Amino acid sequence: MTGAFDSLTLVSVCMCQDEAEADKDDDEPGSLMSCLIKKKHYSDMNEKCRAGVEHYQLVCLSVHMLVVVVIIDIISLSVHMQW
């Protein structure tokens, strides 16, 4: 797993240098990953970096799905308690 993130760091410096600097300064957190997601299919993006970006996307999707399920459960519980 470390290899993917080493590659991700190297590619982020090459492909998204402005965003990497912005994230380092915390001016615009998340802008680096947004840039890498947009460029993950570029020919100069290596496979390990692409895998790291896609892993990040899958983890974020899982978290969002979990939040939606919890919200639906809370709404469902709230509706049942009113009756």
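The values are calculated or read from the model by the stated rules, or taken from the named source; none is laboratory data. No experiment lies behind these values; they were computed from the predicted model shown. Note that we place each Cβ from the backbone using ideal geometry, even for glycine, and neighbour counts take in every protein chain shown.
Numbers at a glance
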item: Filter pass, Q57 being more than 17 Å from the chain's Cα centre (by Cα), modelled with pLDDT of 70 or more and surrounded by 10 or more Cβ atoms within 10 Å (Cβ to Cβ); result: no
item: Neighbours by Cβ (under 9 Å, 6+ apart or cross-chain): first from the stretch 40-58, free of Cβ contacts under 8 Å to residues at least 24 places away in the same chain; second outside any helix (DSSP H, G or I) and buried (at least 17 other Cβ atoms within 10 Å of the Cβ); result: R50/K40; E54/K40; Q57/K40
item: Selection from the stretch 27-83 of residues that are part of a helix (DSSP H, G or I) and of a type in the set (D, E); result: E47, E54, D73
